[in-house]
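The structure appears below as structure tokens.
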Amino acid sequence: GSGNDAGNGANQPTLVSNAVNGWPAVNFNGSQFLQMPNTGYSNFTSGMTAILVAKPNSVAAGARLFDLGNGATNDNVSMSLPSTTGLTFSTYNGSTGSSVTASSGVTLGQFQLMEAAYNGTNTATLFTNTAQAAQSTTMQTLNNLARTGYLGQDPVGGNRFNGQIAELLIWNRQLTVAERTTV
């Protein structure tokens, strides 16, 4: 409705109509991705919250759930899977990066709720299925500039995701605990 539809002319993922609790999901086979429009991903100076419902089927280290940026390591903000059980949230200020990683909490073959809450200065917290999984207080701040968004890969065409994504919600501020619970 607001023109924020993702698309891809080639290597499009498929839709699974009844994937989780009667709702659809997008199925990525490890070679597919979607490009998101270049609107709404510029100003995270007040923070960011990303809430994702996904089911990884297999993991190649670094597989991107989403990546918003201007190249491989150029003002990016991303959520990725570093291992079969891990979850990482990364921020880049220019080419200087930082990340927070939860080494466990992700389960292959199951839908789960994955969240990253970033306060806009230095702290990011990861949650899986609403439980805190990891926190870092040394995150890079994000510049206010246009970013290209991808679902299922990084901005240069690698680190592809294999699994299903049923929902991705992104806010340009850190949601409160009460707001996250409501969502």
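I'd like the per residue volume of the convex hull spanned by the Cα atoms of region 101-183, given in cubic angstrom. List each step's numbers first, then the result.
Details: hull volume 10.5 nm³, N = 83.
Spread over its residues, the Cα hull of region 101-183 gives 127 Å³ apiece.
Determine the principal axes of the Cα atoms in region 108-154, then give the extent along each, sorted from largest to smallest and rounded to whole angstroms.
For region 108-154, the Cα spread along each principal axis is 35, 26, 12 Å.
Full extension from residue 112 to residue 131: what is 0.36 nm times the residue separation minus their Cα-Cα distance, to one decimal in nm?
Values: separation 19, 0.36 × 19 = 6.84 nm, distance 1.13 nm.
Going from the current span to full extension adds 5.7 nm.
Grab the eigenvalues of the alpha-carbon gyration tensor for region 1-152, scale each by 5, take roots, and send me the semi-axes largest first in whole angstrom. Walk me through the intermediate numbers first.
Working: eigenvalues 109, 77, 38 Å².
The equivalent ellipsoid of region 1-152 has semi-axes of 23, 20, 14 Å.
Which residues' amide hydrogens lie under 5 Å from the amide hydrogen of residue 113, considering only partners 5 or more residues apart or on another chain, with H built in the peptide plane?
Amide H neighbours of residue 113, under 5 Å, 5+ apart: 129.
Quick one: Karplus J couplings for region 85-90, per residue in order, coefficients 6.51, -1.76, 1.60, θ = phi - 60°, nearest Hz, x for Gly and Pro?
Working through the residues one at a time gives 10, x, 9, 10, 10, 10 Hz.
Between residue 57 and residue 70, what length in nm is gained on full extension when 0.36 nm per residue of separation is reduced by their alpha carbon distance?
Details: separation 13, 0.36 × 13 = 4.68 nm, distance 2.77 nm.
Here the segment from residue 57 to residue 70 would lengthen by 1.9 nm.
What does region 1-62 give for Rg and for Dmax, in Å, if only its C-alpha atoms count?
For region 1-62, the Cα radius of gyration and maximum Cα-Cα distance read 14.1, 37 Å.
Divide, for region 61-144, the radius of gyration over alpha carbons by 2.2 N^0.38 Å, where N is the residue count. Provide the component values of the computation, followed by the final result.
Values: Rg = 12.2 Å, N = 84, 2.2 N^0.38 = 11.8 Å.
For region 61-144, the normalised Cα radius of gyration is 1.03.
Quick one: Karplus J couplings for region 148-156, per residue in order, coefficients 6.51, -1.76, 1.60, θ = phi - 60°, nearest Hz, x for Gly and Pro?
Residue by residue, region 148-156 yields 9, x, 9, 10, x, 6, 8, x, 9 Hz.
Near residue 12, within a Cβ-to-Cβ distance under 14 Å, what is the net charge of the other residues, with Lys and Arg +1 and Asp and Glu -1?
Neighbourhood net charge equals 0.
Please give the per residue accessible area of region 7-120, computed with a probe of 1.4 Å over protein heavy atoms only, in Å².
Values: 4450 Å² over 114 residues.
Value returned for region 7-120: 39 Å² of accessible area per residue.
Taking the Cα centre of region 34-177 as origin, sum charge times position over the Cβ atoms of Lys and Arg (+1) and Asp and Glu (-1), and report the length of that vector in debye to the nearest 20. Walk me through the numbers before you get to the answer.
Numbers: 5 positive and 5 negative charges, 12 e Å.
Here region 34-177 has a charge dipole of around 60 debye.
The values are calculated or read from the model by the stated rules, or taken from the named source; none is laboratory data. On a predicted model such as this, the values are computed, not experimentally measured, just so you know. Cβ: placed from backbone, ideal geometry, glycine included. Neighbour counts: every protein chain shown. Just the protein is used for accessible areas: all its heavy atoms, side chains included, with ligands, DNA and RNA removed. Shrake-Rupley method; radii C 1.70, N 1.55, O 1.52, S 1.80 Å.
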